[in-house]
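Single-structure report; data block below.
The values are calculated or read from the model by the stated rules, or taken from the named source; none is laboratory data. Keep in mind that this is a model prediction, so the values were computed, not measured. Heads up, the Cβs are rebuilt from the backbone with ideal geometry, glycines too, and the neighbour counts pull from every protein chain shown. Heavy atoms of the whole protein, side chains included, go into the accessibility calculation; ligands, DNA and RNA do not. Shrake-Rupley method; radii C 1.70, N 1.55, O 1.52, S 1.80 Å.
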2 protein chains.
Amino acid sequence: MNTPTRWLPAWLAGYRREQLPGDLTAGLIVTVMLIPQSLAYALLAGLPPEVGLYASILPLLAYAALGSSMTLAVGPVAVASLMTASALQPLAAAGSPEYAALAVTLALLSGLMLLAFGLLRLGFLAHLLSHPVISGFITGSALLIAIGQARHLLGVSSGGGNAVEQLISLVRALPDTRPVTAAIGLGAVAALVLARRTLGQRLAGKLAPMAVVVLATAATAFWQLDRSVGVRIVGEVPAGLPALGLTLPGWSETLALLAPALLISLVGFVESVSVAQSLALRRRERIQPDRELLGLGAANLASALSGGYPVTGGFARSVVNFSAGARTPLAGVVSAALMAVVLAALTGWFHYLPHAVLAATIVVAVWNLIDLQALREAWHYDRADALALLATAAGVLLLGVEAGILAGVALSLGVLVWRASRPHMAVIGRVPGTEHFRNVERHQVETRPGLLALRVDENLFFANMPRVEERIAAALAADASVQRVLLVCSGVNQIDTTALGVLSDLEARLAEQGIRLQLAEVKGPVMDRLRDTPLGQRLRNRVFLSTHEAFVAT
Amino acid sequence: MNTPTRWLPAWLAGYRREQLPGDLTAGLIVTVMLIPQSLAYALLAGLPPEVGLYASILPLLAYAALGSSMTLAVGPVAVASLMTASALQPLAAAGSPEYAALAVTLALLSGLMLLAFGLLRLGFLAHLLSHPVISGFITGSALLIAIGQARHLLGVSSGGGNAVEQLISLVRALPDTRPVTAAIGLGAVAALVLARRTLGQRLAGKLAPMAVVVLATAATAFWQLDRSVGVRIVGEVPAGLPALGLTLPGWSETLALLAPALLISLVGFVESVSVAQSLALRRRERIQPDRELLGLGAANLASALSGGYPVTGGFARSVVNFSAGARTPLAGVVSAALMAVVLAALTGWFHYLPHAVLAATIVVAVWNLIDLQALREAWHYDRADALALLATAAGVLLLGVEAGILAGVALSLGVLVWRASRPHMAVIGRVPGTEHFRNVERHQVETRPGLLALRVDENLFFANMPRVEERIAAALAADASVQRVLLVCSGVNQIDTTALGVLSDLEARLAEQGIRLQLAEVKGPVMDRLRDTPLGQRLRNRVFLSTHEAFVAT
């Protein structure tokens, strides 16, 4: 295979002409969405608008070269922009050159981490984030972003802080609302919502944001609204492609940005993969998580090389890309090329673009990320998961993005342990005429005198052994005739060291009372480890393959 | 039951004369151990020696009134003393009145927490600490204590810090070793070790520490070694019983001491209960964990009321109490009375007691807490638990007691999730002639064409669903004839929201390929929650009671 195509991505080596129209159309439409979004998200991240454009060229090419999704649209996204701002604001003043340099460092670290995870095949790390935690995080972030943009929509200057502090400050600043700015901002929101409601997935709906941008910019320029009534505008956006290069960051800032970079990487990866996966499934394509890590890692490195900031796969743009007909990452290449043209020649057009319109773009985009359906479903199915979702969202709103997601992860792990510490246990008997055993309280079953058959529906580990012991003690106290305690281990997938010690004590204590401890349905891997322990030796002839064998034995 | 005995503890109301000799002997012998230990542990905690004596009177009475163990010996212990020092040293200078007041506050908070846990029946909180973590914590603490006492054994003044810093500082200070102090200290260690080796559990062995104390004190007094060669001595110990009273602590110190008080309470409770339980089992007595919380809580409140510091049940003294014949908590009452006599009249005898002898008492006592056996067993049975043990010990030595135990807890929870994220899965078939199903790779079993029966031996939750999906995809790729995927849920005790979502997607995807997803052996509690979900509705007729039913169905 020493042909030139060996070094090309598979989609390019096998490119078919009939894929071209879809890719071209999708690339164009995504660009039309990407222009206002990249400017807006850069402002959300506390960066000059051109940085958003920089982050929308090379990263798309890098992902096209290494990623595994045919339709994921990579670039600046709302949540990663919020996390960037949250990570950098304690370290430098937003808008300063140091701040922009730190943003580059953040993209660099994030890229290196993703690449390392990909090479080490650590994609499973992302599984530490449960769906409710991710959903709570995204919803909380979307609300926080929307609240933070309200001041731009109204043209007031209100303070920062957590969501509550921002809201209070916003309400206090309401009397200073600038009428024209508010008219533009709220008008843009109304127009965007209306366009989405009435036009939906049709082409015109996708072009609406650009139309709003063009109209508002033209009106602002025509009436010189920036000078006459103080509408804040984007102003001068430096023209020209980004200079390539990289200054290696110092130790102290690297250290300070490691944790935020890790969180941005993980959250971005999880979001990207889930979007990519759901789109791929609709066309029976496959996503390779480890390839996605490489693709996103390369995209972030490319962003760092070209003066950008952390990027990842965006939800809305990917869906648009897919439904506009993208077949291969060539659509992303088309977008990158068009963005390069914009940056080289058309930045002057953004001069009179009002901040309020960008804020409107952000608010409408993030509003769709608020996922009350997930909350409703979790609440119905599993209250603890719903609480983890709410706690994560509340954590993001009140404590910030990083503390919020950490609280969510800790909580979801805590829920796991708490549940496993209160195992379901059932005294079981034989379903008549079968070799099947079920809970004596739920089914009509036969029991055998002198035999206590207890099924523990959980791994045996430090947090639940006391309850298992109590349950056995209670059953023995209730029935003095018991001579055999049969522990049915069909639900036991692990026995940890603590549980082994407790079981060992239990066996000795029961033996003193003339009661035999027996085991049944011990799974292969559990038995493999149990066999060589002193307890395993003592129980050698008291471990039965099936509950039925133990039931008919004496 | 409106008799006077109603208000007495059960052991007292039903006291029998034949219990008296054992209780009197044990009370006396424990007192002989308790005198040097209480002085030594107070010094270890950074407190004046009399505080150790104060903590050895009322707490014993309070525990006798409320505790449930017949033989637990309560009072100052090594690990709680170390934890007290570690909690207070950042807040005040050791030996200062503020420091002693903070120690009282720590006992007060610990007592209130334990009482509250007891009243709320939160004894299960202690189960968050797995045996390996506790073992690692105790071993690490014992080493840290022994290293810290080395300077007193040698009469040098070396610096503090973590274990490594203390060792380095100690080695640097070695040239300053005071020969007479070192002779007394190391001689005392040798004598105590020798006594234990040769006399073991005999009465003379238990009296050896007191004999060493008496001899060393007499020699120091006779030759006035404190003045002639600078042997550090205990000096003036104020005579008289402690004044009762309590100054309520301020908010800021309460807040600062909450976390340490919680850790001291939990660790002390876990240690006490495990000692009490193992002693009770030898005589077929019962320990009630919630009563233990009340007993230990009252003991700490009593300690706070009488100017003491945190107390709990001690391992070595309880074993001595038991083997010396204690039958009821009257033995503790006897000890308390004797300690009161000592404090009222005999404190002058401690004037010439050398610090080096107290240090020797501590070192020999904690040396027995080092539990290499637990490490060996864990290493053999479960490498991850052994690593949690080592990490906890290393954390205590390098980061301090609080960070060490938190690291251990975090690690043991992490191990739990990590294991559950890599579930054992087995394709199963029928053991011929039975209705029993086992792993096709481990047993000679029958399979059915078109049926993929997969048993997942773990709860289905966010961290392991990707692996389950991958396993099914791999099996389907390997066998194109599969028409039914049967998920055998005998090992599934919980399905969380994330897993529900993934299963739902999986079902839809399989359906598109003409493959039916079926479930078998879904446990009652899991089915109860699954039934009302959209997935549960779709699977209504595809959930089988037993694997066998699913096997014979089509």
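Would you work out the charge dipole size for the protein assembly as shown about its Cα centre, treating the Cβ of every Lys and Arg as +1 and the Cβ of every Asp and Glu as -1, and quote it to the nearest 20 debye? Don't skip to the end; give the middle numbers.
Working: 80 positive and 68 negative charges, 358 e Å.
It works out to roughly 1720 debye.
The range B:412-472 and the range B:315-359 have their alpha-carbon centroids 58 Å apart. Given the range A:1-84 reduced to its alpha-carbon atoms as identical point scatterers, what log10 I(q)/I(0) does the Debye formula return at q = 0.12, 0.25 Å⁻¹? So the normalised log intensities work out to -0.45, -1.22.
Averaging 1/r across all pairs of distinct Cα atoms in chain A and inverting the result yields a Kirkwood radius of 26.7 Å.
All Cα-Cα distances of the range B:296-455, cut into 10 Å bins from zero to the largest, leave 8, 17, 23, 19, 12, 10, 7, 4, 1 percent in each bin in turn.
Taking only the alpha carbons of the range A:209-319, we obtain Rg and Dmax values of 19.6, 56 Å in that order. Shown in residue order for the range B:170-177 are the 3J(HN,Hα) couplings computed by the Karplus curve 6.51 cos²θ - 1.76 cosθ + 1.60 at θ = phi - 60°: 5, 4, 5, 8, 3, x, 8, 3 Hz (x for Gly and Pro). Ranked by the mean number of other Cβ atoms within 10 Å of their residues, highest first, the peptides A:400-407, B:215-222, B:42-49 fall in the order B:42-49, A:400-407, B:215-222.
Sequence-distant contacts, meaning Cα pairs under 8 Å at least 6 residues apart, place the relative contact order of the range B:400-546 at 19 percent. Under the classification rounded if a/c is under 1.5, otherwise prolate if a/b is larger than b/c and oblate if not, where does the range A:134-216 fall, given a ≥ b ≥ c as square roots of the Cα gyration tensor eigenvalues? Here the range A:134-216 falls in the oblate category.
Counting only other chain Cβ atoms within 10 Å of each residue's Cβ, the peptide A:487-494 averages 5. Which whole-Hz ³J(HN,Hα) couplings does the range A:26-37 yield from phi under the Karplus relation 6.51 cos²θ - 1.76 cosθ + 1.60, θ = phi - 60°, glycine and proline marked x? So the Karplus estimates, Gly and Pro as x, are 4, x, 5, 5, 4, 4, 4, 6, 6, 4, x, 5 Hz. Using Cβ point charges alone (K and R +1, D and E -1), the dipole size of the range B:319-430 about the Cα centre works out to roughly 380 debye. Per residue, the average separation of C-alpha pairs within less than 8 Å and at least 6 apart gives the range B:449-532 a relative contact order of 37 percent. Around the amide H of B:His436, modelled in the peptide plane, lie the amide H atoms of B:Val431, all under 5 Å away and 5 or more residues distant in sequence or on another chain.
Please state, to two decimals, what the Cα-based radius of gyration of the range A:400-442 comes to when divided by 2.2 N^0.38 Å (N = residues). Write down the numbers at each step before the final one.
Values: Rg = 19.3 Å, N = 43, 2.2 N^0.38 = 9.2 Å.
Ratio of Rg to 2.2 N^0.38 Å for the range A:400-442: 2.11.
Averaged over peptide A:462-468, the number of partner chain Cβ atoms lying within 10 Å of each residue's Cβ comes to 5. Mean partner shielding of peptide A:530-537, defined as the number of other chain Cβ atoms within 10 Å of each residue Cβ, is 1. Rounded if a/c is under 1.5, else prolate if a/b beats b/c, else oblate: with a ≥ b ≥ c from the C-alpha gyration tensor eigenvalues square-rooted, which is the range A:354-393? The shape class here is prolate.
Please work out the ratio of the alpha-carbon Rg of the protein assembly as shown to 2.2 N^0.38 Å and round it to two decimals.
Working: Rg = 35.2 Å, N = 1108, 2.2 N^0.38 = 31.6 Å.
Relative to the rule-of-thumb radius for its length, the protein assembly as shown sits at 1.11.
Of the residues B:Ala508, B:Ala477, B:Val456, the one whose Cα sits farthest toward the positive end of the charge dipole of the range B:456-554, with +1 on the Cβ of Lys and Arg and -1 on the Cβ of Asp and Glu, is B:Ala508. Counted by Cβ distance under 12 Å from A:Arg16, the other residues give a net charge of 0, where Lys and Arg count +1 and Asp and Glu count -1. Here's how it looks for A:Arg455: its modeled amide H is under 5 Å from those of A:Ala426, A:Val427, A:Ile428, A:Val488, which are all 5 or more places away or on a different chain. The charge dipole of the range A:1-153, taken about its Cα centre with unit charges on the Cβ atoms of Lys, Arg (+1), Asp and Glu (-1) only, comes to about 280 debye. Dipole of the protein assembly as shown computed with +1 at Lys/Arg Cβ and -1 at Asp/Glu Cβ about the Cα centre; of A:Met210, A:Thr31, A:Cys489, farthest Cα towards the positive end is A:Cys489.
Annotation: lysines with alpha-carbon distance below 19 angstrom to B:Lys523 (same-chain offsets under eight excluded): A:Lys523.
For the range A:140-273, a Kirkwood hydrodynamic radius built from all Cα pairs, placed in the Stokes-Einstein relation at 25 °C and 0.890 mPa s, yields a translational diffusion coefficient of 132 µm²/s. The ellipsoid that matches the Cα gyration tensor of the range A:408-554 has semi-axes, each √(5λ) in whole angstrom, of 24, 19, 15, with the longest given first. Classify the range B:277-343 from the C-alpha gyration tensor, please: rounded if a/c falls under 1.5, else prolate or oblate depending on whether a/b exceeds b/c. In terms of gyration-tensor shape, oblate. Based on DSSP H segments of at least four residues, each scored -39500 (n - 2.57), the protein assembly as shown has a per-residue ellipticity at 222 nm of -20000 deg cm²/dmol.
Note on A:Ser81: accessible area is roughly 0 Å² with a 1.4 Å probe, heavy atoms of protein only. Of all lysines in the structure, not one has an alpha carbon short of 21 Å from that of A:Lys206, not counting any fewer than 8 places away in one chain.
Around the amide H of A:Leu539, modelled in the peptide plane, lies no amide H under 5 Å away from a residue 5 or more places distant or on another chain. Residue-wise HN-Hα couplings along the range A:205-213, as the Karplus relation 6.51 cos²θ - 1.76 cosθ + 1.60 with θ = phi - 60° gives them from phi, are x, 6, 8, 4, x, 5, 4, 4, 4 Hz; Gly and Pro carry x. Using the average count of surrounding beta-carbon atoms within 10 Å as a protection proxy, the listed peptides A:97-105, B:291-299, B:230-238, A:15-23 rank, highest first, as B:291-299, A:97-105, B:230-238, A:15-23.
How would A:Thr434, A:Thr547 rank on accessible area, largest to smallest, probe 1.4 Å?
Numbers: A:Thr434 40, A:Thr547 5 Å².
Per-residue accessible area, sorted high to low, gives A:Thr434, A:Thr547.
Cβ under 12 Å from B:Thr497's Cβ, B:Thr497 left aside: what net charge do those residues give with Lys, Arg +1 and Asp, Glu -1? Surrounding charge for B:Thr497 is -1.
Separation of the range A:486-534 and the range A:74-116, taken as the distance between their Cα centroids, equals 52 angstrom.
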